[in-house]
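Asks: For reference, the structure I am asking about is given below.
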Amino acid sequence: MKAQLIRLGIAEGDVVKCIERLPGGTVIIQKNRQEIAIGLELAKKIKISLK
């Protein structure tokens, strides 16, 4: 999982925003101004903290 996120340009401690959840499980997240689509199973593994 960590390798997948690194390939997408996401590292531990990065701030990302959930933009949308599409039918079928795809989740659209945003890091800075870049939007990235990830699968539901990968999204479930991401731990979040609310600020």
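Asks: So which GluC sites (Glu not before Pro) in the chain end up in coil per DSSP with only 13 or fewer other C-beta atoms within 10 Å? Mind dumping the intermediate values first?
Replies: Values: sites: Glu12, Glu20, Glu35, Glu41; in loops: Glu12.
Passing sites in the chain are Glu12.
Asks: Give me the percent relative contact order of the range 2-51, please, defined on Cα pairs under 8 angstrom at least 6 residues apart. Walk me through the numbers on the way to the answer.
Replies: Details: 47 pairs, mean separation 11.2, N = 50.
Result for the range 2-51 is 22 percent.
Asks: When the C-alpha atoms of the chain are aligned to their principal axes, what extent does each axis show, in angstrom, from largest down?
Replies: Extents along the principal axes, in whole Å: 28, 23, 20.
Asks: With +1 on the Cβ of every Lys and Arg and -1 on the Cβ of every Asp and Glu, and nothing else charged, how large is the dipole of the chain about its Cα centre, in debye rounded to the nearest 20? Don't skip to the end; give the middle numbers.
Replies: Values: 10 positive and 5 negative charges, 25 e Å.
Here the chain has a charge dipole of around 120 debye.
Asks: Okay, next question. Leaving out ligands and nucleic acids, and using a 1.4 Å probe, what accessible area per residue does the chain come to in Å²? Working shown, then result.
Replies: Numbers: 4350 Å² over 51 residues.
In whole numbers, the chain has 85 Å² accessible per residue.
Asks: Can you give me the solvent accessible area of Lys2 with a 1.4 Å probe, rounded to the nearest 10 Å²?
Replies: Only protein atoms counted, so the area is about 130 Å².
The values are calculated or read from the model by the stated rules, or taken from the named source; none is laboratory data. As the structure is a computational prediction, the values presented were derived from the model and not from experiment. With ideal geometry, Cβ positions are generated from the backbone for all residues, glycine too; neighbour counts draw on all protein chains shown. Side chains included, ligands, DNA and RNA excluded: accessible areas come from the protein's heavy atoms. Shrake-Rupley method; radii C 1.70, N 1.55, O 1.52, S 1.80 Å.
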